[in-house]
Amino acid sequence: MERSTLRIGVLPVVDVAPLRLAYNNKLFEKAGLQVQLVPLNSEVEGVKQLDTTLDLTWGSYVTLFRSFSEGTEIQLQGEAYQAGANTMALVTLDANYDRPGKLGSPRIAVPATDDIGALTTKAVLRTAGVEKQRIRPVQLPFDQMVTAMEAKQVDAAWMTEPYITQAQRNSGARILTDTALGPTKDFPMSGYASSKKFADGNPRTLALFRQVLRDAQEAASNDKLSVQNALTGYMDVDQQTAALVSVGTFPLSLNPARLQRVADMMDTEEVLSERLDVGGLLPPGTGD
């Protein structure tokens, strides 16, 4: 290996549970890598810190692909998470809002107006017959979405777990629609990336990282209970809620065809200025 330490930027999300478990179980140490998990305030912050305070960062593919299109040279180093049933969904407190196409101009809370939440919300609502330009996104952090729905400032909110389960348990919210349906079924959500410069200089170190991550992803896939239990250690969630959380898929390898779905949807929704070939963002020799 070129180096024995890796600093990885992470957010408190279900997506990083296998990485957390690998860290807690010292899988990286056993392989000869000292890993530091560095808490982030945002995905964009993680990308900006590559090559300064971070070697790798976790991020949604929408954020990573947009960063690349804006000139940040990155290389993907592993897939983190793929949506499963009700792992991302539109949630509502409005009893009258009983089907996705019910409102012609719905106000939808999203964490950001140009992220995976806004993208998948538009795709699912458009499938339900709502015109894209009539969807009104309202940018709010997850922890303020229920309050906004209670105050009738928004009609529904795009949430991921464990916020979906918390809203159901604590506020009587219900799922209006899963947003991993139709065009977004099994949607690739997030992964890990380094800068292209770091990747070129540290190929063996990153190959080892991918190998340990693959083992961790496989272990998590075979033991969803361990994932649910791990959430209480790094997220603001109690054991009872964690046990009810819907868990998606933890992919074992970088799959260019799968990831191209995200880039193509971003192109269709005009989030990218031109079509992105995801194959060019993969390390040499990887990809199914």
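Rule-based calculations on the coordinates, nothing more; no lab input. In this text the structure is predicted, and so the values were computed from the model without any measurement. Cβ coordinates were reconstructed from backbone atoms using ideal geometry, including for glycine residues, and neighbour counts include every protein chain displayed.
Some observations on this one:
- Cβ-based net charge around residue 81, under 15 Å, with every Lys or Arg adding one and every Asp or Glu removing one: -1
- Rounded to the nearest 20, the Cβ-based charge dipole of segment 88-184 about its Cα centre (Lys and Arg +1, Asp and Glu -1) stands at 320 debye.
- Distance from segment 137-157 to segment 43-63 (C-alpha centre basis), Å: 27 Å
- Relative contact order of segment 88-184, pairs being alpha-carbon contacts under 8 Å that are 6 or more residues apart, as %: 49 percent
- Ordered by the count of other Cβ atoms within 10 Å of each Cβ, fewest first, 33, 140, 64 give 33, 140, 64.
- What the Cβ-Cβ distance of residue 127 and residue 152 gives, at R0 = 35 Å and to the nearest 0.05, is a FRET efficiency of 0.85.
- Given their separation in residues at 0.36 nm each and the Cα-Cα distance between them, residue 169 and residue 218 gain 14.6 nm when the chain is fully extended.
- Beta bridges per DSSP with both ends in segment 88-184, % antiparallel, nearest 5: 55 percent
- Counting only Cβ charges, +1 for Lys and Arg and -1 for Asp and Glu, the dipole size of segment 29-74 around its Cα centre is about 100 debye.
- Under 18 Å from a label point set 7 Å out along the Cα-to-Cβ vector of residue 236, the amide N atoms of segment 106-145 belong to 110-112, 140-145.
- Cα centroid of segment 1-30 to Cα centroid of segment 182-210, whole Å: 13 Å
- Ascending count of other beta-carbon atoms within 10 Å, so fewest first, for 195, 69: 69, 195
- Dipole of the chain, positive direction: furthest Cα of 5, 59, 252, with charges on the beta-carbon: 252
- Nearest 10 degrees, 0 to 90: helix 224-234 Cα axis against the chain principal axis: 90 degrees
- Positive-end residue, segment 43-143 charge dipole about Cα centroid, Cβ charges, pick of 139, 97, 85: 97
- Amide H contacts under 5 Å for residue 180, placed H, 5+ residues apart: 86, 88
- Taking Cα centre as origin and charging only the Cβ of basic (Lys, Arg, +1) and acidic (Asp, Glu, -1) residues, the dipole magnitude of the chain rounds to 260 debye.
- Taking the chain as the region of interest, the number of lysine pairs whose Cα atoms are within less than 22 Å, with members eight or more places apart or on different chains, is 13.
- Here the chain carries DSSP beta bridges of which approximately 60% are antiparallel, counting only pairs with both residues inside.
- Loop sites in segment 156-211: trypsin sites (Lys or Arg not before Pro), DSSP, at most 15 other Cβ within 10 Å: 185
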